[in-house]
Amino acid sequence: MFEFIKGAVEFVGPEYIVIENNGIGYQIATPNPFIYSSKMETMVTVYTYHYVREDVMALYGFQSREEKKLFTKLLNVSGIGPKGALAILASGEVQQVVNAIENEDEAFLVKFPGVGKKTARQMILDLKGKLQDVVPDYFPNLFNADTLPLHTQTNNTAFEEAILALKALGYSDKEIKKISPELRKEQMSTDQYIKQALKRLLK
């Protein structure tokens, strides 16, 4: 229904962003909303997927058409809903996900929240050999955390926002508590905290 929405970033939270276009604020759930923190009040293009079920209607947004395609592929796997697909994309290590599927590495896939052995096996059965055809040149370059801009935030605020975002993705308090001490030692922006946290959670 909506291929993309172009507008100004009006709000960034742990679960979604709000894009203003012609006086309408679109609430859009994204894999890592805080990537947009440095773009407040500026114009962006968000590629959207309109999700409709009997009792749910929501917009999911992505930085590129390729990321959106991968999201839709994940939705077609039995056992993976929008929240689970966002959590997988939020890791930013898409090449690792693709490699895990191609190499039938269930042990890696079950590290994502909501993905058990049955779902991991289903991902492999449904997607193996099909993802490179959809996004052939995309995977190696997605979300290089080293190139993300630093934001003008205090360390505590950025860290707390990152924790809220991780909880929104489905990670438990126990999992988050395990990696928190190490992360607190570093000074980063919210989106960088999220990326580094996910790297540790997926080890």
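Tell me which residues, restricted to the range 139-173, are open to solvent by 40 Å² or more (accessible area, probe 1.4 Å) and at pLDDT 75 or above.
Asn156, Thr157, Glu160, Glu161, Leu164, Lys167, Ser172, Asp173
Which pairs do you get when a residue that is under 12 Å from Gly129 (Cα atoms), found in the range 98-110, comes within reach of a residue that is β-branched (Val, Ile, Thr) and open to solvent by less than 50 Å² (accessible area, probe 1.4 Å), reach meaning Cβ atoms under 6 angstrom, with the pair 6+ apart or on two chains?
Hits for this filter: Ile101/Ile124; Glu104/Ile124.
To keep it simple, each residue is scored yes or no on (1) over 23 Å from Leu75 (Cβ atoms); (2) in contact with a His (Cβ under 9 Å, 6 or more places away or on another chain); (3) of a type outside the set (Phe, Trp, Tyr).
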site	(1), (2), (3)
Phe4	no, no, no
Ala8	yes, no, yes
Ile17	no, no, yes
Glu20	yes, no, yes
Ala29	no, no, yes
Ser37	yes, yes, yes
Met40	yes, no, yes
Met43	yes, no, yes
Val46	no, no, yes
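Of the residues that sit in the range 111-121 and are open to solvent by 50 Å² or more (accessible area, probe 1.4 Å) and without any contact (Cβ under 8 Å) to a residue 24 or more places away in the chain, which one is farthest from Leu201 (Cα to Cα)?
Here the answer is Arg121.
If only one of Lys69, Lys83 is under 18 Å from Phe4 (Cβ atoms) and modelled with pLDDT under 95, which one is it?
Working: Lys83 fails: under 18 Å from Phe4 (Cβ atoms).
Testing whether each residue is under 18 Å from Phe4 (Cβ atoms) and modelled with pLDDT under 95 leaves just Lys69.
So, in the range 176-203, how many residues would count as being part of a helix (DSSP H, G or I) and open to solvent by 70 Å² or more (accessible area, probe 1.4 Å)?
The first filter runs over the range 176-203 and keeps only residues part of a helix (DSSP H, G or I), leaving 176-184, 190-201.
Narrowing the set further to residues that are open to solvent by 70 Å² or more (accessible area, probe 1.4 Å) leaves 177-178, 181-182, 184, 199.
So the count comes out to 6.
Tell me the residue from Ile124, Ile101 that is modelled with pLDDT under 90, open to solvent by less than 10 Å² (accessible area, probe 1.4 Å) and of a type in the set (A, V, I, L, M), please. Give the derivation first.
Values: Ile124 fails: modelled with pLDDT under 90.
That would be Ile101, the only listed residue that is modelled with pLDDT under 90, open to solvent by less than 10 Å² (accessible area, probe 1.4 Å) and of a type in the set (A, V, I, L, M).
Out of Ser64, Ser78, report the one residue that is within 22 Å of Pro113 (Cβ to Cβ) and of a type in the set (Gly, Ala, Ser). Outline the logic, then answer.
Details: Ser64 fails: within 22 Å of Pro113 (Cβ to Cβ).
Selected residue: Ser78, the only one of Ser64, Ser78 that is within 22 Å of Pro113 (Cβ to Cβ) and of a type in the set (Gly, Ala, Ser).
The values are calculated or read from the model by the stated rules, or taken from the named source; none is laboratory data. Treat the numbers as computed from the prediction; the structure is a model and nothing was measured. Positions of Cβ are backbone-derived with ideal geometry, glycine not excepted, and every protein chain shown enters the neighbour counts. In case anyone asks, the SASA skips ligands and DNA or RNA and just uses the protein heavy atoms, side chains included. Shrake-Rupley method; radii C 1.70, N 1.55, O 1.52, S 1.80 Å.
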